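Shown next, in structure tokens, is the structure this report addresses.
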Amino acid sequence: MASGWQLFLESFWPIVWGGLSGTIPLALASFAIGLVIALAVALARISRNRVLSGIGRFYVSVIRGTPLLVQLFVIFYGLPAVGIVIDPWPSAIAAFSLNVGGYAAEIIRAAILSVPKGQWEAGYTIGMSHATALRRIILPQAARVSVPPLSNTFISLVKDTSLASLILVTELFRVSQEIAAFTQDFMLLYLEAALIYWLFCLVLSSGQNALERRLDRYVAH
């Protein structure tokens, strides 16, 4: 029991560092790129142009209809078959970004559609173009509405980055795997990894709640 506790303590900070240096940066980069993709897809989905709308709908359908693990493997293991070789880290970012884009697009689209049409008309009344009204009136209101579900998406992404260990990306779970392979104490190390993921998510959830309370100050009750 003592040796198990000692192993827990000795491996705790290396695994945490794997999360801080690998998991969190991977999640942040993927989420940022994914949001850009999501916004473009959401605008395409609500466009009156049937071609753009159809492309956006198809993209969301493919992303939401296929497992993230398969998407990751297609990029890292599949693309080399057609001559496109991408290193593990960019492959992981590409897969996670595309996945976030598909799910977050529907969140952003719903948030935009939740803004009353009168807000569009108010913008037109004071001489704004459609693009200006979207940028200065609609998107700021939609952003506040979309914060809770987008925050949940980010927290889920932090956990999903564990899949990157399958393509040899060094992150939290990969570090725990390496230590477990060396010590042969798989149960302890995997439970420790689960605990650290949970702690990370608790911190992120606290940040989400604080952000929501701050944004709630600007809402009329």
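Placing +1 on the Cβ of every Lys and Arg and -1 on the Cβ of every Asp and Glu, with nothing else charged, gives region 73-221 a dipole about its Cα centre of roughly 780 debye. Any idea what angle helix 2-18 forms with the longest principal axis of the chain, computed on alpha-carbon atoms, 0 to 90 degrees, nearest 10? The answer is roughly 40 degrees. Using equal-weight Cα scatterers in the Debye expression, the normalised intensity of region 2-216 in log10 at q = 0.10, 0.11, 0.13 Å⁻¹ is -0.55, -0.64, -0.83. Taking 7 Å steps out from each Cα toward its Cβ at Val36 and Asn49 produces label points 1.9 nm apart. Axis angle, to the nearest 10 degrees, between helix 186-216 and the longest C-alpha principal axis of the chain: 30 degrees.
Counting only alpha carbon atoms, the long axis of helix 172-183 and the longest principal axis of the chain meet at about 10°.
Centroid-to-centroid, using Cα positions, region 87-105 and region 197-211 are 22 Å apart. Scalar couplings 3J(HN,Hα) for region 158-169, obtained by applying the Karplus form with A = 6.51, B = -1.76, C = 1.60 to θ = phi - 60°, are 4, 6, 5, 4, 4, 5, 5, 4, 6, 10, 6, 7 Hz; x denotes Gly and Pro. Sequence-distant contacts, meaning Cα pairs under 8 Å at least 6 residues apart, place the relative contact order of the chain at 28 percent. Considering only Thr66, Ser21, Tyr124, and ranking their Cα positions along the charge dipole of the chain that arises from unit charges at the beta-carbon of Lys, Arg, Asp and Glu, the one farthest toward the positive end is Tyr124.
Using the Cβ-Cβ distance between Ala131 and Ser156 with R0 set to 30 Å, the FRET efficiency works out to roughly 0.40. A straight chain from Val85 to Ala122 at 0.36 nm per residue would run longer than the Cα-Cα distance by 8.3 nm.
Cα centroid separation, region 1-70 to region 147-165: 5 Å.
Read-outs: derived from the displayed coordinates by stated rules, not from any lab. Note that the structure is predicted; figures quoted are calculated from it, not measured. Every residue, glycine among them, receives a Cβ derived from its backbone with ideal geometry; neighbour counts consider all protein chains shown.
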